[in-house]
Amino acid sequence: MVKTSKFDSAYLRRVNCVKTFCAIREHGRISRSELAEITGLSRATVSETVRELLDREFLCEVGSNTTSRGRPPVQLEVNPLRFYMIAVEVDVGWIAVAITTLVGEVLVQSREELRTMDYEFVLDLCVDTIRRLLKEQRVEHDDVLGIGVAVPGQVDLNRRVVNFAPNLRWRDVSLAEDLEGELHLPVLVSNEAMLSAMAEKWFGIGKDAKVLVYVSVKGGLGCGIVNDRSLLLGVSGSAGEIGHMSIDPNGPICSCGSRGCWEVYSDEQAILARASKALSTSKDSFLFQLRLAENRRLTVEDIVHAANQGDTTASEILKETGWYLGVGIANIVNGLNPDMVILGGHVAKSDLLFAEMTRVVEERSLQIPWERVCLAPTQLGEKVALMGCIALLLDRLLEQPDGRLNADSARVN
Ligand SMILES: [Zn+2]
């Protein structure tokens, strides 16, 4: 006979809490019996889980408690304005901060452009922006359950430091502890692609996926992998660095020191390098004219826009990038057998790139994994990583017996 260990019961409790909370969040007002039906949990388990969530004030009851005939049963909903969460995204040249309710509804969002990515400067700006938004929204400090931060880099979840964020030029910075020291709120810091994968699972098109991979094409190329409801972290929290899978052992040197990494051919820097090369010969292209007229550097958004307008040079650049993305994603499909791969970043807005990528994935995938996989561009747009911060906070909050986060909440071990 298999005994239920302490770990198993804690795990089950967490799964039931997440299942119940998500069902209520997605369906709005709902009765206990409807919850049992939707979640497949027994009535006793639903009662117990709901009681726990009511005690933590994550839920509230709506309607009458009297059980007289004809009266509708008491319904449950997520306590709308009892608690708040804060999401922060740091990227090259900007930070974004949002305050949300427990259901992930954004109350306010602010984006600050930066002249420098100097760590102390960015830290101070995050602190000031959070304080300002809390004051503007009249949100009390004690009603904030936590802060989630997305960074484009590797985060050592055991030491709670941003290990290496090459595009920010940060190494070994204690972002979580530094923010906690200033704001006296629990802080979880994680990788932007991982958080985006969480966002798709909680709020996006990946809700029903069993194995979900999010491919984030930005200044680098990162992946987040969600298996069932759990983020695949690896032993130190850096799983998903598939951008550094070598697709040409003798290819160009990557920022990681290796050669021919997938991201060297597929990230935004690769796209801009292709544009720069193409524009040295295609002087009649719309992109060339745009650069000349506005006297500024082109962005990937410009290239996607130009391709969507039918510009041949921009279309060729994105088609080539789609080809490389397809090569890497075929490796992911063969290696991980996911049922959903979601493409994120500005490139997700290019139908042409997406079509070429899909063609190559089909061509290079093994039949069995290809038959079950769905490829899709993200529908969450630019707020995907912010929503991922909220998803991570919720995931960890529901795990805590007292519904409060602590410094261990995001550690791997
Ligand atoms: Zn690399």
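Percent of C-alpha pairs per 20 Å bin in the chain, short distances first: 25, 53, 20, 2, 0. Sparsely packed loop sites in segment 245-312 (the trypsin sites (Lys or Arg not before Pro) outside DSSP H, G, I, E and B with at most 15 other Cβ atoms within 10 Å) comprise K283, R296, R297.
Derived scalar couplings between HN and Hα for segment 169-174 equal 6, 10, 9, 6, 9, 8 Hz in order, rounded to whole Hz, by the Karplus curve 6.51 cos²θ - 1.76 cosθ + 1.60 (θ = phi - 60°), x for Gly and Pro. Over all directions, the average projected area of the alpha-carbon convex hull for segment 207-379 comes to how many nm²? Over every viewing direction, the Cα hull of segment 207-379 projects on average to 10.9 nm².
The fraction of accessible area contributed by carbon and sulfur in the chain is 49 percent, rounded to a whole number (1.4 Å probe; ligands and nucleic acids excluded).
Take 156-163, 311-318 and order them by the average number of nearby Cβ atoms within 10 Å per residue, most first; the result is 311-318, 156-163. Peptides 325-334, 240-249 ranked from most to least packed, by the mean per-residue count of other Cβ atoms within 10 Å: 325-334, 240-249. Of the DSSP H helices in the chain, those that are both long (alpha-carbon extent of 27 Å or more along the helix axis) and hydrophobic (Kyte-Doolittle mean at least -1.0) are 6-27, 312-336.
With a simple spin-label model that places each label point 7 Å from the Cα along the Cα-to-Cβ direction, the separation between L366 and I247 comes to 2.0 nm.
Distance from the alpha carbon centroid of segment 152-192 to that of segment 129-145 works out to 21 angstrom. Here is the size of segment 141-216 from its Cα atoms: Rg then Dmax, 14.0, 39 Å.
Amide H to amide H, with H built 1.01 Å from N, L107 comes under 5 Å of I99, T100, T101, counting only residues 5 or more places away or on other chains. As a calculated quantity, the FRET efficiency between D228 and R296 at R0 = 60 Å, using C-beta atoms, amounts to about 0.85.
Accessible surface area normalised per residue over segment 10-51 is 51 Å², counting heavy atoms of protein chains with a 1.4 Å rolling probe. When both segment 215-293 and segment 342-413 are represented by their alpha-carbon centers, they are found 17 Å apart.
The values are calculated or read from the model by the stated rules, or taken from the named source; none is laboratory data. Keep in mind that what you see is a predicted model, and the values were worked out from it rather than measured. Ideal geometry is used to build each Cβ from the backbone, glycine not excepted, and the neighbour counts take in all protein chains shown. Only protein heavy atoms, including side chains, enter the accessible area calculation; ligands, DNA and RNA are left aside. Shrake-Rupley method; radii C 1.70, N 1.55, O 1.52, S 1.80 Å.
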